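Report on the structure given below.
Quick note: the coordinates plus some simple rules give every number you see, no bench work behind them. Since the structure is predicted, the reported quantities are computational estimates derived from the model, not experimental observations. Don't worry about glycine lacking a Cβ; one is built from the backbone with ideal geometry, like all the others, and counts go over all protein chains shown.
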Amino acid sequence: MRINIRSITLAVALALLATGCATTNRGGRLVSSGLVSSQDIANIGGYSYVKFDNLCDRYGIDCSIDSVSKIAVMRQNGATVKVMDRSEISLVNGYTKKFTPETRITDNHVYLSPGLADHILTGIFRKTASSVKTVKPSSQLRIVLDAGHGGKDPGAIGRGGLKEKNITLDIAQRLKDVLDRDSGYDVVMTRNSDVFVPLTTRSYIANNANGDAFISIHVNSARKKAAHGFEVYFLSSAVGKKHKAYDDIAEATELAKCITSAASYRLGLANRGVKPAKFCVLKGTYMPSVLVEVGFISNRKEAINLRSPEYRQSIAESIADGIAAYRRRK
Ligand SMILES: [Zn+2]
C-alpha cells in the first residue's frame with residue numbers, strides 16, 4: 001500500500017515537473033572513463049542505454065525496482081535518484097532533471113540514458129561519497145577485496161586451462177566469508193561474479209566505500225616453471241607520493257608484511273617477501289593497498305594445489321590471519 005502512494009506521488013511529480021535541459025550522449029565517454037564497460041551498454045529502439053542494474057551490484061548502489069509501478073529508486077550515501085519507465089524526468093535528491101532518451105524499466109532491469117548514468121556515477125553518488133563519510137564504528141575495519149581479472153579478461157592461464165580469474169574470485173569469496181564471521185570487519189567486493197571490471201572502476205568502488213584497506217588478489221605466472229611461492233606487493237613511495245599520503249604507504253608495507261608472514265606460516269610456502277609495486281589498480285586507491293599473488297599457475301605443484309578447494313580455503317584463511325595481525329598492531 002505504501003509503495004503505491006509513493007508511486008502515485010512520484011508519477012504526479014514527474015508529470016508536473018517536466019522541466020530542465022535535455023542532454024544526449026551515446027555512452028562513449030562513460031565507457032572510456034572505465035566506469036561502464038561496453039557490456040553495460042544496450043541498444044533499445046535505436047538509442048544507447050546504460051543497463052544500470054549491472055552497475056548497482058558493481059558499485060554497491062542500493063537499487064530497488066518496483067515492477068508494478070515501473071519505478072526504480074537508487075540510493076547511496078544519503079543521495080537518492082528516482083526514475084520511472086518511459087519518462088525523461090528523474091528525481092535527483094528531490095530535484096527534477098531531464099535526460100533523453102527516456103528511462104526504460106523492464107522486470108528487474110533499469111536502462112538509463114548515458115547522460116543520466118554519468119550524472120549519477122560521477123556527480124550525485126561520487127560527490128556525496130567524498131563529502132559524507134560513511135558512518136561506521138571506529139573499531140571496524142572496512143576491507144575492500146578485489147578479485148583480479150574477470151569476464152573477458154581471464155588473467156593468467158595455467159595447465160589444463162586453469163584460469164586466474166576463477167581462482168581469484170573463489171579465494172576472494174572465501175576470504176569474505178572468513179572475515180564476515182568477525183564483526184570487526186566490513187567487507188566490500190569489487191566484483192562478486194565472473195564480470196569484467198575495469199581497473200579504474202575497482203579503485204572507484206574502493207574509494208567510494210571509504211575502505212580502510214584494499215587487497216587485490218592475483219595468481220602469478222612465470223616462464224620459469226620452477227618459480228613458486230607467495231608474493232605481496234604494496235604501493236611504493238616513489239610511485240605513490242604524488243597521490244598518496246605517506247601513512248598509507250607505511251601502512252600498506254605493514255599489511256603486506258603481516259599477510260606474507262601469515263601465509264608462509266600457515267601454508268608453509270616459500271616467502272618471497274614484500275615488494276614495491278607500480279600496479280595501476282593500487283595507484284588509484286586512497287587507502288593502504290596491497291596486491292597478493294597467491295602462487296604460480298605456471299608451477300606444476302602449485303597449479304595442482306590451486307585446483308583444490310581446501311587449499312584455496314587455507315589461502316583465504318592465511319590472508320585473514322595476516323589482516324588480523326595487522327589490525328592487532330594498529
Ligand atoms: Zn593477475
**OP:** State the Cα centre-to-centre distance between the range 140-195 and the range 269-330 in whole Å.
**Re:** 11
Original post:
T80 label point, 7 Å along Cα→Cβ, cut-off 19 Å on backbone N: hits in the range 94-126?
Top reply: 94-98, 120-121, 124-126
Original post:
Over the range 141-328, what is the percentage of antiparallel beta bridges among all DSSP beta bridges, to the nearest 5?
Top reply: 20
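Mind scanning K70/K98; K70/K165; K82/K283; K51/K176 and naming the pairs with a C-alpha gap bigger than 29 Å?
On the way: K70/K98 18 Å; K70/K165 36 Å; K82/K283 34 Å; K51/K176 27 Å.
Beyond 29 Å: K70/K165; K82/K283.
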Subject >> Cβ-based net charge around F296, under 13 Å, with every Lys or Arg adding one and every Asp or Glu removing one >> reply: +3
Original post:
For D180, what is the net charge nearby, where nearby means another residue's Cβ is under 12 Å from its Cβ and Lys, Arg count +1, Asp, Glu -1?
Top reply: 0
